[in-house]
Structure formats: structure tokens, C-alpha cells
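**Student:** Below is the structure I would like to discuss, written out as C-alpha cells.
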Amino acid sequence: MTAEMDRHIARPAWGGRRALMLGVAVASLAVVGALSASLVGHAGSGLRLDAAKVTTGEARTGVFHDFVVLRAKVVPKDVVYLDALEGGQIETVLVQAGDQVTAGQPLIRFRNTELELDVLDREGRLVESITQLQSYEKALEDGRVANEKEAARIAYDIVRLQRTADRRDALLAKGYVSRDQHEQTHDELAYDRQLQPLQAAANREQEALRLRQLPQIRSELANLQESLKITRAKLDSLNLRAPVTGRLTDMDLKIGEIRNRGQRLGQIVPDTGVKLQAQVDEYYLDRVRAGQAAQVDAAGKAWRLKVTRVDPQVKDATFLVELVFDGPTPPDLLPGQALEGRLTLGGDRTALILPAGAFLERTGGDWAMVLDPGGRRAERRRLKLGRRNSEQVEVLAGLRPGERVITSDYTGFEKLDRVDLKP
């Protein structure tokens, strides 16, 4: 019993068997990995799709219509904005949005005590400056008059003394006057004759100075008067008036509100007609210009338009085009109304054309998936496209008439070389 218990009993080699199984498993995973890598690599260049889920188009020779679709909005041709010139507290609102107003009609009254005090202070200082200039101008004129009077007095004295001297010369010879009286008269006459050219020279200098200063004084007076007028007009700006005749819109004001200088209060739409604004894809930026013809559908008929302005600033991949009606205007158009039409970019011409599709957004027209004759496989091919519109694309190179192209969305096609289509 003890011998049997001491005998070594051989057990199954589970550790060796486990190692063998792990080796087989690793080898199997390696094979599967290799196959998967092969399949992934194969799928990276090709894709199987249900033929019913794609759209195709045929390249054919036809007439290419060079236009771009317009989705335009009706806007007023002219808009006059109403802004607070000085601001303040709204005291009275005399009109409401939607009212028809005439030029000069009062719309709003403001109260601004600070502005009123400032205007009074400026007005007082301007009036003082004007008074000083006017006083100086009067002093120059008084000086001119005094100089002329002095010159006239000297001339008069010369004439008077000359007559007196002539009489006394005769009387002196007869002894009727003394020599002192005779000499006094001649001395006064000589003095006045010496004084006359001096006075005349002084008068000329004073007059030249006055003539130089008068234009400056009058110019400064005119500026001060204009400043005074503007200063007083600041008070009138507290009464907002309609600058033009038209319909008042976008105004919602309450009595007691405080509005700052320059703040938008509303707008007036004059009765000058309407225009259209359309956002056009940036692809056409270098081909749209002022003067081009367009048309829209309204009231059951087509209406002619022409481009008046092209804003080259691109925003959200579009740019703004403004158009006006070239002739009659559709009746009853309302601001904000949407119209559809087309803008003509050039003349129609025969070309190899392909239907436009979503594939252009992904490829930019540089390549496409071209179907084989059986229609079961499409392979990637380089293309050269020309002009395009919402319906057609002009093909310059890469396709032959009769060949078909997948024109639906190419999401996920960027790295594919081919697409297999299942019936």
C-alpha cells in the first residue's frame, strides 16, 4: 500500500497542450489579419453601391445657356435713415411706423437741458466776439472819416490863409496892417502847406491798413455769424423733422426714453420705386458686372432687369448683386418679397455639356467617376470643365459624347479609384 502510494503517476501535459493551442491561435490570427489587411487595401480603392442610389448624366453635344439662377429680394430703391442728432429724453412722439410723412414734418421732440445751457453759453461768447469785431470795424471807419476831415481842414486853411495873405500884402504896402500881422498870416500858410503832404501820406497809410484788415474782419464776422447760426440750430435739432417725403418704418419709441446722439430712430422709404438684391455664388464673381441683363418672373410674366451694382465682398461663399427694372415694374411689389429669375452672363453656344450635379461640390469639377459602356463600373477620371449654370456644365476635356458620369453626391469618394454598381 505504501509502495503504490510512493509510485509516480504520469499526468497529461496540459501546459504543453496549452502552448500548442496558443501557437495555433496566434498563427490563425496572423492569417486572418493578413486577409483583413488585403481586403481593407482592396476596399480603399473601390466601393460597391446600389445602382438605384446614384444619379448619372450623359455627356452630349448641345447648346450651353450661359446664365446663373437668381433668387432675389425686393428692397426699396432708396432709404433715408433717421438718427438722433443730439439725443436726450423723448418728450413727444408725433408719428408712428407706417405713417406717410412729408419733408419738414415734425416727428419727435427731445428734451436736453445740458444742451440748452451749452448753447446759451456758446451763443453769449459768439455774440461778444461779433460785437468786438464790429466795434473794431467801426473804429477803422471812424479813423478814415477823421483823417479825411483833417485833410479837408488843412486844404481849407491853405485857401483861406492864401486869400488873407494876398489882401494883407496889398494893405501892407499902403501901411494899413502891421508887419507882424502880415508875417503871422504867411507863417500859418507855410505851416499848413508843409502839413498837407504829411497828412496826405498818413491818410494813405491808414487807408491801406484799413483796406487790408476789412476783408479779414468781414470774413471772421461771417464765420462767427455762421457759428452762431449753427449753435442756435442745435436747439432746433431737438425737434426731429422728416428730411424727405415717404413712408416711416422701423420706429418704435416711447415717451420718456433716453436716446443717445447718433442712435438710429427709424427710417423713411421715399416713393422712388424698388430694386432687387440677390446673393450669387462666388464662382461667378469675375463674370458678373454692371449693365448685364437679367429677368425675373412676377405676376405671371417675365420682367427685364439690369445689374446696377456688384459688391465684390464675399461672405458665406456669395456676393451681393443689385438690379433695377429695365422698363415697366411689376405691380404691387412689396419690400421683402422674393422673386426668381436668371442673370445672363454671355451668349448661348454649342458645346459638350454635362448635367450639373452635387458631384461638383466635392470635386470642384477637377475629376469625376465615369461609367464603362456596360454601366456596371465607374472609374475616376480627370476632367477640365468650363462655364456652368444651375443645370449644365461645359466640358472642355476628359469626356466624349455619349459617356455617362455619376453626378450625385461624392461624399466618401475622395480616395476611391472606382465604384462598382450592383443592379
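The values are calculated or read from the model by the stated rules, or taken from the named source; none is laboratory data. Quick caveat, the model's predicted, so the values are computed rather than measured. Because the Cβ atoms are built from the backbone with ideal geometry, glycine has one as well, and the counts that use them run over all protein chains shown.
**Student:** How many of the residues making up the stretch 290-317 are touching a helix residue (DSSP H, G or I) at 6+ places or on another chain (Cβ under 6 Å) and either assigned to a loop (DSSP other than H, G, I, E, B) or not assigned by TED's automatic domain parsing to the domain that holds ALA278 (or both)?
**Tutor:** The number of residues fulfilling the criteria is 1.
**Student:** Against the definition (among the small types (Gly, Ala, Ser), in contact (Cβ under 8 Å) with a residue 12 or more places away in the chain, over 27 Å from PHE67 (Cβ atoms) and loosely packed, with under 13 Cβ neighbours inside 10 Å), how does GLY347 come out, yes or no?
**Tutor:** For GLY347, the condition - among the small types (Gly, Ala, Ser), in contact (Cβ under 8 Å) with a residue 12 or more places away in the chain, over 27 Å from PHE67 (Cβ atoms) and loosely packed, with under 13 Cβ neighbours inside 10 Å - is not met.
**Student:** Give the stretch 235-263 a look and list any residue that's modelled with pLDDT of 90 or more and among the hydroxyl-bearing types (Ser, Thr, Tyr), or say none.
**Tutor:** Passing the criteria: THR245, THR249.
**Student:** Which of the residues spanning the stretch 268-308 are touching a residue at least 40 places away in the same chain (Cβ under 8 Å) and at positive phi?
**Tutor:** GLY273
**Student:** If you don't mind, another one. Can you tell me which residue within the stretch 86-139, out of those that are acidic (Asp, Glu) and surrounded by 13 or more Cβ atoms within 10 Å (Cβ to Cβ), is nearest to the chain's Cα centre (by Cα)?
**Tutor:** My answer is GLU86.
**Student:** Residues ASP332, ASP311, ASP348: which one is more than 28 Å from ARG381 (Cα to Cα), at pLDDT below 90 and among the charged types (D, E, K, R)?
**Tutor:** From the options ASP332, ASP311, ASP348, the qualifying one is ASP332.
**Student:** Here is a follow-up. Just a yes or no: is a residue in the stretch 265-282 at pLDDT 90 or above and in a helix (DSSP H, G or I)?
**Tutor:** Yes, the stretch 265-282 has at least one match.
**Student:** Tell me, which residue of the stretch 152-171 that is crowded, with 16+ Cβ neighbours inside 10 Å and not hydroxyl-bearing (Ser, Thr, Tyr) is farthest from ARG212 (Cα to Cα)?
**Tutor:** Once the filter is applied, the top-ranked residue is ARG168.
**Student:** Being in a strand (DSSP E or B) and surrounded by 15 or more Cβ atoms within 10 Å (Cβ to Cβ) is the filter here, so list the residues in the stretch 322-341 that pass it.
**Tutor:** Scanning the stretch 322-341 gives GLU322, LEU323, VAL324, PHE325, LEU339, GLY341.
**Student:** Tell me the residue from LEU235, LEU209, LEU248 that is over 30 Å from LEU120 (Cβ atoms) and in a helix (DSSP H, G or I), please.
**Tutor:** LEU209
**Student:** Against the condition more than 30 Å from ARG160 (Cα to Cα) and surrounded by 14 or more Cβ atoms within 10 Å (Cβ to Cβ), how does GLY273 come out, does it pass?
**Tutor:** no
**Student:** Then there's this: Between a first residue in the stretch 221-248 that is touching a residue at least 60 places away in the same chain (Cβ under 8 Å) and buried (at least 17 other Cβ atoms within 10 Å of the Cβ) and a second residue that is outside any helix (DSSP H, G or I) and among the small types (Gly, Ala, Ser), which pairs have beta carbons less than 7 Å apart while being 6 or more apart in sequence or on different chains?
**Tutor:** LEU238/GLY88; ALA242/ALA103; ALA242/GLY104; LEU248/ALA97; LEU248/GLY98; LEU248/GLY266
**Student:** Let me ask you something else. From GLY327, GLY398, GLY402, which residue is assigned by TED's automatic domain parsing to the domain that holds ALA302, in contact (Cβ under 8 Å) with a residue 12 or more places away in the chain and on the phi > 0 side of the Ramachandran plot?
**Tutor:** The conditions single out GLY327.
**Student:** Among the residues of the stretch 359-377 satisfying the criterion of being closer than 11 Å to ARG418 by Cβ and among the basic types (Lys, Arg), which is surrounded by the most Cβ atoms within 10 Å (Cβ to Cβ)?
**Tutor:** Among those that are closer than 11 Å to ARG418 by Cβ and among the basic types (Lys, Arg), it is ARG377.
**Student:** With the checklist (1) surrounded by 11 or more Cβ atoms within 10 Å (Cβ to Cβ); (2) in contact (Cβ under 8 Å) with a residue 12 or more places away in the chain in hand, flag the one item ASP311 doesn't pass.
**Tutor:** Status for ASP311: all satisfied but (2).
**Student:** Within the stretch 252-262, which residues are within 23 Å of the chain's Cα centre (by Cα) and either within 11 Å of ILE90 (Cβ to Cβ) or small (Gly, Ala, Ser) (or both)?
**Tutor:** Once the filter is applied, which keeps residues that are within 23 Å of the chain's Cα centre (by Cα) and either within 11 Å of ILE90 (Cβ to Cβ) or small (Gly, Ala, Ser) (or both), the stretch 252-262 yields only GLY262.
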